Amino acid sequence: MADKYSFSTAALFPRTAAESLRLIAGAGFSHAELMPQCFAEADEAFAAQAEKCGIHVASIHYPLAMFSMLYNAGDSMVGEARRFGDGLVRLCRALDAKVLVVHPHEPVSDPARAALLEAPIVENLRALGEACAAAGVTLAIENSPKGPGRTPAGLLAYVEALGAGPASAPMVDTTEACEADEDPAAFIAGVRPCHTHLSDHSGERKHIPAGEGAIDWPGVRDALRGCGYSGYYTLEPVYRHYLDAPEAALEKAYAFISGLIGSAE
């Protein structure tokens, strides 16, 4: 198979996205996931800068810093959220990124308030899904240790109920599965993900570099192979492990994922 090993720029915070992309490319990765940290990095114009970094941006994660726009029921913010989402989809197209990652929203606990406080958020996500479908981009909805996406059945039900269009599909984050007391390999087998975030977990330690925790990585690999996974193997550890000597840490990450996946090919 073609090399589909990818690394998230989120793990290289607080560096700029451009610097992070260059570091990822320098470690041998052919692909990266972009996590914009500011509006300029989420703008379509950023594509020209990213293309100079020598790496393919395979996926974009909706910026965590801007989640309060997407999951906002305020009348005055809905338009802003829709315009920002449309801009992210245009950036996906400019970079030939085929995946846009979002998290499930947290449902309103009081059904009587759902129409006021939840319905606008659902419409934001549906509009984003429609924009993705029109652009040939998959809206990947990540599992979460909280709310409806904490189990395979819950995540599948959430994606179906959301009704964000044919381009929306479930994805699996291995650490988030562990935090929900779910086995990552079983979670993968249960939802057949369109995309993955791979990081390790051990006790209270979460989102640590893959291979440094307690996850059964050969089991994760075999589960992905068993469900015919054809997406990117995206490493997404927490940034604290890459604050110092990122070059060596990135090379170690590449060696791990290429060894894990390549050993089964």
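Take the alpha carbon gyration tensor of segment 41-189, find the square roots of its eigenvalues, order them as a ≥ b ≥ c, and report rounded if a/c is under 1.5; if not, report prolate when a/b exceeds b/c, else oblate.
Oblate, because a/c is 1.5 or more while a/b does not exceed b/c.
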### Message
Could you give me D for segment 128-265, from Stokes-Einstein at 10 °C and 1.306 mPa s, where the hydrodynamic radius is the Kirkwood radius over C-alpha pairs? Units µm² s⁻¹, please.
### Response
102 µm²/s
### Query
Can you sort CYS227, CYS132 by how many other beta carbons sit within 10 Å, fewest first?
CYS227, CYS132
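Extension gain SER230-ALA114, at 0.36 nm per residue separation less the Cα-Cα distance, in nm?
This chain segment gains 38.1 nm when fully extended.
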### Summary
Rounded to whole angstrom, the alpha-carbon centroid of segment 68-121 lies from that of segment 189-204 at a distance of 23 Å
### Message
Take LEU64 and LEU243, extend 7 Å from each Cα along the Cα→Cβ direction, and tell me the distance between the two endpoints in nm.
### Response
1.4 nm
### Query
So how far, in whole Å, is the C-alpha centre of segment 236-253 from the one of segment 147-187?
27 Å
### Query
Taking amide H positions as placed 1.01 Å from N in the peptide plane, with prolines and chain starts having none, which residues 5 or more places from ASP173, or on another chain, fall under 5 Å of its amide H?
ASN143, HIS197
### Task
For the chain, restrict the atom set to alpha-carbon positions and state the Rg and Dmax in Å.
17.6, 53
### Task
Taking the Cβ of LYS52 as the centre, find all other residues whose Cβ is under 13 Å away and add up their charges (Lys, Arg: +1; Asp, Glu: -1).
-1
### Summary
By the mean-Cβ-within-10 Å protection proxy, highest first, 169-182, 230-243 rank as 169-182, 230-243
### Task
Give me the percent of DSSP beta bridges within the chain that run antiparallel, rounded to the nearest 5.
10 percent
### Query
What nm distance separates the two modelled labels at GLN49 and ALA186, each placed 7 Å from Cα along Cα→Cβ?
4.5 nm
### Query
Rounded, prolate or oblate: which fits segment 101-196, taking a ≥ b ≥ c as square roots of the Cα gyration tensor eigenvalues, rounded meaning a/c under 1.5, else prolate when a/b beats b/c?
oblate
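Within 10 Å of each candidate Cβ there may be at most 13 other Cβ atoms; applying that plus a DSSP loop requirement, which trypsin sites (Lys or Arg not before Pro) in segment 124-168 survive?
Numbers: sites: ARG126, LYS146, ARG150; in loops: LYS146, ARG150.
Answer by residue number: LYS146.
Beyond 24 Å between alpha-carbons counts as too far, so tell me which of LYS98/LYS206; LYS146/LYS252; LYS206/LYS252 fall in that bin. Could you put the intermediate results ahead of the total?
Working: LYS98/LYS206 27 Å; LYS146/LYS252 31 Å; LYS206/LYS252 18 Å.
Violating the 24 Å limit, Cα to Cα: LYS98/LYS206; LYS146/LYS252.
We did not get these values from a lab; they are worked out from the coordinates using the rules stated. For clarity, every value in this text was computed on a predicted model and none was experimentally measured. Every residue, glycine among them, receives a Cβ derived from its backbone with ideal geometry; neighbour counts consider all protein chains shown.
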